[in-house]
1. Starting from region 395-406, take each residue that is closer than 11 Å to Ser379 by Cα and in the same structural domain as Ala380 (by TED's automatic domain parsing) and list its partners that are of a type in the set (S, T, N, Q) and modelled with pLDDT of 75 or more, counting only C-beta distances under 9 angstrom and pairs at least six apart or across chains.
2. Residue by residue through region 81-103, note down the ones that are touching a helix residue (DSSP H, G or I) at 6+ places or on another chain (Cβ under 8 Å) and either surrounded by 16 or more Cβ atoms within 10 Å (Cβ to Cβ) or under 17 Å from Phe125 (Cα atoms) (or both).
3. Here is a list of conditions, (1) within 30 Å of Arg384 (Cα to Cα); (2) crowded, with 21+ Cβ neighbours inside 10 Å; (3) modelled with pLDDT under 80, and Glu301 meets all of them except one; can you say which number that is?
4. Name the residues in region 199-216 that are of a type in the set (A, V, I, L, M, F, W, C) and either at pLDDT 75 or above or in a loop (DSSP other than H, G, I, E, B) (or both), would you?
Amino acid sequence: MKTWIITKFELKRVVRKKWFIISTLLTPLFVILYASFPALLGKFANRERTLGIIDPTGRIVEEIERVGKGEKFEIPLKVRRLSSLEEGFSLLRKKELDAVLKVPEDIFSSRKATLYMRNVGDVTFLSVIKERLNKIIQRDQLRKIGLKEEVLKEILAGVKIETLKVEKGKVKKETMESSFTLYMIFSLLLFMGLIGYGQILLRRVLEDKRFRVVEILYSSARPMEVFAGKLLGVGLAGILQLLFWLFLGLAGYFYASTYLPQFRLPGFMSKFVIFLLFFFAGFFLYSTIFLTVGSIVESEEEAQHLLGPIMMMISLPFALSFILFMTPDNWIKVALSYFPYTAPFFMMMRAIISSPSAVEIGISLLLVFLASVVSVWISARIFRVGMLHSGARPTISQLISWVKEG
């Protein structure tokens, strides 16, 4: 009963804050912007470029606009003939050109050219120029052996590939982009939940310790009840906020999938359930660490020194998961999907892109829950003694003795 009283107190303490309401409303907008950022970049990458060409052969200018037109991933290209490099550099300074291509007279034999770019980081533009020049030279070589234009078009035509996912022997229409976007949203919510509410727990514990509130609580409730109340109270606040976000997300998904069939994701609900399970398990696993840190330090400044490894522990799997996204069956990824502190990210990713068996998901989830139980048990024992401890930060041997005494 006392645990529930403390839980309600901690819950109200969080949800009545202005930042809670603001973050609840603004976070979905942030996630939408974050998820749509690649698409916005793609639109920017596909904007029209203007290319100036110095062409003593008289053949490149005519063909470079024509070659590649109509292909799906080509960017609009406007070509302008130049008489000299000086003219090109002048137009680059005025931002009337994106690049200047200097073509030597022997380009068809040397296969070399020089490109002067205003932005050398525009790899999309660079790859398009390379691809078009390669096709022009290939056309020239094939014309020399007597092939007609119709045959050239067939030989140099690109290949269109449709992505279909095979899951449990069934073919499902699922693109890499949709899987990546889904994982990005789920992992971002998981990361924000672990970091955000872990730090809230840390501050609450530090406040109670600094202002001696814990001594009053210990006089009317057992340490385990205080510990459980704080963990559940802040946890429920996080769950309420998450449920609101997920309600908006599900409503948006069902609306989009109803009117825009391309937004439909096969097995979405099963992946959604997996995300929820790993979120809850991961939340309690990491929250106990923040609670432990808060109970053994005296100030936020001191806590920041201990939080470095913890933040790395959470941030590293989040970052590595995007690096290893393209290799779903990599042994490193498989191993990390069973290690409790990285499993919430990596097993969730495998469930989205490579469909591991229910047994694999169950084992991973069980390991995370078992680790959470052990972490709660250890953290509660340290919390019992640490909240009344003052002075120098306890050593490892002292923490071990606290666990034994608890």
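The values are calculated or read from the model by the stated rules, or taken from the named source; none is laboratory data. Predicted, not measured: the structure shown is a model, and the values here were computed from it. Because the Cβ atoms are built from the backbone with ideal geometry, glycine has one as well, and the counts that use them run over all protein chains shown.
1. As it stands, the answer is Leu399/Thr292, since those pairs meet every condition given.
2. Leu82, Leu97, Asp98, Ala99, Val100, Leu101, Lys102, Val103
3. Of the numbered conditions (1) within 30 Å of Arg384 (Cα to Cα); (2) crowded, with 21+ Cβ neighbours inside 10 Å; (3) modelled with pLDDT under 80, the odd one out for Glu301 is (2).
4. Scanning region 199-216 gives Ile200, Leu201, Leu202, Val205, Leu206, Phe211.
Results for (1) of a type in the set (Phe, Trp, Tyr); (2) modelled with pLDDT of 80 or more; (3) assigned to a strand (DSSP E or B), shown as yes or no for each residue.
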{"position": "Leu92", "(1), (2), (3)": "no, yes, no"}
{"position": "Val100", "(1), (2), (3)": "no, yes, yes"}
{"position": "Leu115", "(1), (2), (3)": "no, yes, yes"}
{"position": "Gly121", "(1), (2), (3)": "no, no, no"}
{"position": "Lys135", "(1), (2), (3)": "no, yes, no"}
{"position": "Gln141", "(1), (2), (3)": "no, no, no"}
{"position": "Val151", "(1), (2), (3)": "no, no, no"}
{"position": "Ile155", "(1), (2), (3)": "no, no, no"}
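Residues checked against (1) more than 15 Å from Phe191 (Cβ to Cβ); (2) touching a helix residue (DSSP H, G or I) at 6+ places or on another chain (Cβ under 8 Å):
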{"site": "Leu306", "(1), (2)": "yes, yes"}
{"site": "Leu324", "(1), (2)": "yes, yes"}
{"site": "Ala335", "(1), (2)": "yes, no"}
{"site": "Tyr338", "(1), (2)": "yes, yes"}
{"site": "Phe345", "(1), (2)": "no, yes"}
{"site": "Ala351", "(1), (2)": "yes, yes"}
{"site": "Leu365", "(1), (2)": "yes, yes"}
